[in-house]
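To start, the structure under review is shown below, and the notes come after it.
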Amino acid sequence: MPRPILASIHPTAVQYNLERARRAAPDARIWAVVKANAYGHGIERVFEGLRSADGFALLDLAEGQRVRQLGWRGPILLLEGVFEPRDLELCSRLSLWHTVHCEQQIDWLAAHKTQAPHRVFLKMNSGMNRLGFTPERYRSAWARLNALPQVDEISFMTHFSDADGARGIAHQVQAFHRATQDLPGERCIANSAALLRHGGAAEVRLDWVRAGIVLYGSAPDHPERTTADWGLEPAMTLSSRLIAVQRLQAGDSVGYGSRFTADGPLTIGVAACGYADGYPRHCDTGTPVLVDGVRTRTVGRVSMDMITVDLTPVPHAGVGTEVTLWGRAGNGAVLPIDEVAQAAGTVGYELMCALAPRVPVVVA
Ligand SMILES: *Cc1c(COP(=O)(O)O)cnc(C)c1O
């Protein structure tokens, strides 16, 4: 029998979450963001659940190629645009739409020989200060693009720094609209957090929204709001089994560094999952975990191949009992990936993207 660790990907949950996203902005078209191999889930594995999206947004040209190979004939958008001039040839060949965020990308387009002009999304830096033209330089970039025979329609986009938090998006929304108000073209500004929290506002949802994390069943603004609050289903379950049980007495410690010491008799289970599987080592004693679908906690330090869990609420557990690190247990109980991420001082995004290559993956 192989080591019992397993990741299960749930395309039906992805489809459910996509429908949830659509309800948040019914009259907008939805980019399903599948960068980073669909946030670690596997583009091919979630594709069926995303068929009703209006387009796929991603970063790698190879990922664009994979989506075309799956038979997708609709829009595909490169969120960072091209990385070198010859990428434009693939854009022409596969009819990929691409972001334009800097002058070099306009230079490359101006020198590109193409039969069919390209659809581009001109990116504004409205305050994030990573990619894009500042509002002051945006219109001249638009004028340059608009004069190129290589360019077809020009759409407008920006990205929010604080859609999930207290600062909010109003200042960026205002900067975006002020600089684009009289320009003709489609608009796209909302990510998952903006969609869920502000999608009701017409000046936020606009023509397109970019739905990423919401599709995979993690709340973009956890812990302020949870997946239960937003009505999202986990798209990935990481599960394993107990491979040993230990009975501790008061004073006995567990694992590397003796980070946990029992203050009385305690039964613990050893689960076959460690940081080499993508379970974060920063999860200290108290991280939630499901054993046989019953919520309990980890004790002691995460090691490379094992974690130890408190079996007090599941006295019947033994070798072979199911352990759910995140996602949905066999009995239907859900442990949101966000709670494990929070215990590790990170976000659900990082955990799903960091699923380790040694973990077998099934679609279920
Ligand atoms: C990744 C990404 C998104 C999706 O963000 P989520 O928070 O996952 O919804 C949207 N827009 C851009 C430009 C991105 O890079």
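The values are calculated or read from the model by the stated rules, or taken from the named source; none is laboratory data. In this text the structure is predicted, and so the values were computed from the model without any measurement. So basically every Cβ, Gly included, is an ideal-geometry build from the backbone, and we count neighbours across all protein chains shown.
Filtering Leu206, Leu248 for residues that are modelled with pLDDT of 95 or more, farther than 30 Å from Ile9 by Cα and assigned by TED's automatic domain parsing to the domain that holds Glu19 leaves a single hit, Leu206.
For region 238-291, a tally of residues being of a type in the set (Asp, Glu) and farther than 28 Å from Leu351 by Cα returns 2.
For region 113-135, residues that are assigned to a strand (DSSP E or B) and among the aliphatic types (A, V, I, L, M) total 3. Scanning region 109-135 for residues being within 16 Å of the ligand (Cβ to nearest atom), farther than 11 Å from Met157 by Cα and in contact with a helix residue (DSSP H, G or I) (Cβ under 9 Å, 6 or more places away or on another chain) gives a total of 2.
Here the strands (runs of 3 or more DSSP E) wholly within region 301-364 that include at least 3 residues being touching a residue at least 60 places away in the same chain (Cβ under 8 Å) and under 17 Å from Leu290 (Cα atoms) are 322-328. When restricted to residues that are surrounded by 24 or more Cβ atoms within 10 Å (Cβ to Cβ) and under 27 Å from the mean Cα position of the chain (by Cα), region 303-318 contains 1. Answer yes or no: is there a residue in region 61-71 that is touching a helix residue (DSSP H, G or I) at 6+ places or on another chain (Cβ under 8 Å), within 13 Å of the ligand (Cβ to nearest atom) and either of a type in the set (Ser, Thr, Tyr) or within 24 Å of Tyr216 (Cα to Cα) (or both). So far as region 61-71 goes, yes, one or more of its residues are touching a helix residue (DSSP H, G or I) at 6+ places or on another chain (Cβ under 8 Å), within 13 Å of the ligand (Cβ to nearest atom) and either of a type in the set (Ser, Thr, Tyr) or within 24 Å of Tyr216 (Cα to Cα) (or both).
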